[in-house]
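First the structure, in the form of structure tokens, and then the observations on it.
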């Protein structure tokens, strides 16, 4: 049972976590915090939080667990604001899609990695954002990756592990840099490609027709291009190094495919398509 | 009412068309044709067709309407096989995702564009294939593009237009080259990107983890990479010119984005992502 939980950034992820823990009776009091009091008022009205404070340094007062669930670009400032204001036993966690940057932000803001910091990343979400899109079952049967470091206190790890298990998630531990490489490939690059494709097509003369004659394939392929641009721009910058690495691999492969299309090398194209299909069919049920 | 309908290629599209027309009582007799008699036996057992012949030249005998619904790479051979065997009033159509190539295949096979040929493309499908995946409502509220040429007989056009309207589709006319450019952008390029992405990721050291930690975004983004490799390799070759044009536009935009990620130019990235999101939200309901 968490006595006092502070959620900084009560959006889709923060809001859904609050709803899930509340529904399980796993939390006594939830304090919301964000820059926009309008959003916090909505969260209060929806019963997602019990009270709020737009000032991070006050919102974290006496909190047992602090969850930073705001875009990655704001994490360092939030850490700075809570520096010196946390209870000594407070466990701090986050939900960012990149993990090395959160660890570096903590080092910069606190002057060291706080032993109570457990960097975390729930692999869940939709293209929607904001507390209005939140729902308690968001994490059910999804994976949450924790990336503790050498400094991390084991009690803090088990506290955050328990918290996520209550939401129905499966908790997995990964090394932060490894997490960042895997997620660059599986999530950050696809988002970047979807945004880039829609933008590239929009610049073509026939762009009205392009959207008009698009079918389910295009709709699904570009669904993630309806994601929050601020959040995703933060992720692309925060995980820049790993993202560039995987972009290079992808661009080289795409150049190879283009060459084969130009040459009319049907066998090479069919081989590649077949390999991709069988891998996807095998891994994605 | 179509008295005798011959469908060459009784897969997802050909099978669904047969089921839809039969359910509407719009056809008297349906003859299936394909190279695989196993597939035709399944189609017969499912009641999708009334009888079959694996020989195109016999299957089209006395047919009022012939629908070629096999991969684009086989269209020319099929046209050649039906040459001289068609009833004089027969209307011929197809369902291919590229249209200029079908017109050229007809010219090569028949020595001219038959006035009864109405090239067509239903913008519908799933990543599944085969007659087992067919269902009569597949075309409901989808668009079907007809790309008649100067030689095309207007009675043939209205016959095929009526046929598709019966399935619940909306029928639209486009110029063949224009169709091919639009579809290269909206469908062929996304498929190629999805196949290429899955294949590129599979080559990374961490590829097991990549698939393990993928979420809904990746699943949707790569759904079309589970499409039939033969069919899609045919489409990429058949619509090569338009596809290469749109690949170049996309690759230039991707190179721009990579440059901005390397430079850490957050404003440029956010601007592009925001523009893409607002376009997608506006066009895809």
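Coordinate-derived values only; no laboratory data. What you see is a predicted model, and the numbers here were worked out from it, not measured in a lab. When we count neighbours, we look across all protein chains shown, and the Cβ atoms used for this are built from the backbone with ideal geometry, even at glycine.
Output the number of residues of segment B:260-271 satisfying the condition of being at the interface with chain A (Cβ under 7 Å from one of its Cβ atoms) and either within 31 Å of the chain's Cα centre (by Cα) or more than 26 Å from residue A:129 (Cα to Cα) (or both). Break it down into steps so the answer makes sense when it comes.
Quick first cut of segment B:260-271, residues at the interface with chain A (Cβ under 7 Å from one of its Cβ atoms) only: B:261-262, B:264, B:266, B:269-270.
Checking the rest, the ones that are also either within 31 Å of the chain's Cα centre (by Cα) or more than 26 Å from residue A:129 (Cα to Cα) (or both) come to B:262.
Final tally of qualifying residues: 1.
To keep it simple, each residue is scored yes or no on (1) part of a loop (DSSP other than H, G, I, E, B); (2) in contact with a helix residue (DSSP H, G or I) (Cβ under 7 Å, 6 or more places away or on another chain).
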{"residue": "A:105", "(1), (2)": "no, yes"}
{"residue": "A:115", "(1), (2)": "yes, yes"}
{"residue": "A:135", "(1), (2)": "yes, yes"}
{"residue": "A:148", "(1), (2)": "yes, yes"}
{"residue": "A:155", "(1), (2)": "no, no"}
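Residue B:198 meets each of the listed conditions (1) within 8 Å of another protein chain (Cβ to nearest Cβ); (2) touching a residue at least 12 places away in the same chain (Cβ under 8 Å); (3) touching a strand residue (DSSP E or B) at 6+ places or on another chain (Cβ under 9 Å) apart from (3).
Which fully enclosed helices (runs of 4 or more DSSP H) of segment A:201-259 have 1 or more residues being under 26 Å from residue A:96 (Cα atoms) and more than 7 Å from chain B (Cβ to nearest Cβ)?
Per the criteria, A:229-238.
Just to be sure before I move on: is residue A:196 in contact with a helix residue (DSSP H, G or I) (Cβ under 7 Å, 6 or more places away or on another chain) and farther than 18 Å from residue A:73 by Cα in the structure I sent? It is true that residue A:196 is in contact with a helix residue (DSSP H, G or I) (Cβ under 7 Å, 6 or more places away or on another chain) and farther than 18 Å from residue A:73 by Cα. Meeting the requirement of 2 or more residues that are surrounded by fewer than 17 Cβ atoms within 10 Å (Cβ to Cβ), the strands (runs of 3 or more DSSP E) wholly within segment A:1-99 are A:27-33.
Tally up the residues in segment A:136-175 that are away from chain B (no Cβ under 14 Å) and on the phi < 0 side of the Ramachandran plot, please. First the steps, then the outcome.
Filtering segment A:136-175 down to residues away from chain B (no Cβ under 14 Å) leaves A:136, A:148-168.
From what's left, on the phi < 0 side of the Ramachandran plot: A:136, A:148-167.
Result for segment A:136-175: 21.
The single condition among (1) free of Cβ contacts under 8 Å to residues at least 24 places away in the same chain; (2) more than 11 Å from chain A (Cβ to nearest Cβ) that residue B:130 does not satisfy is (1).
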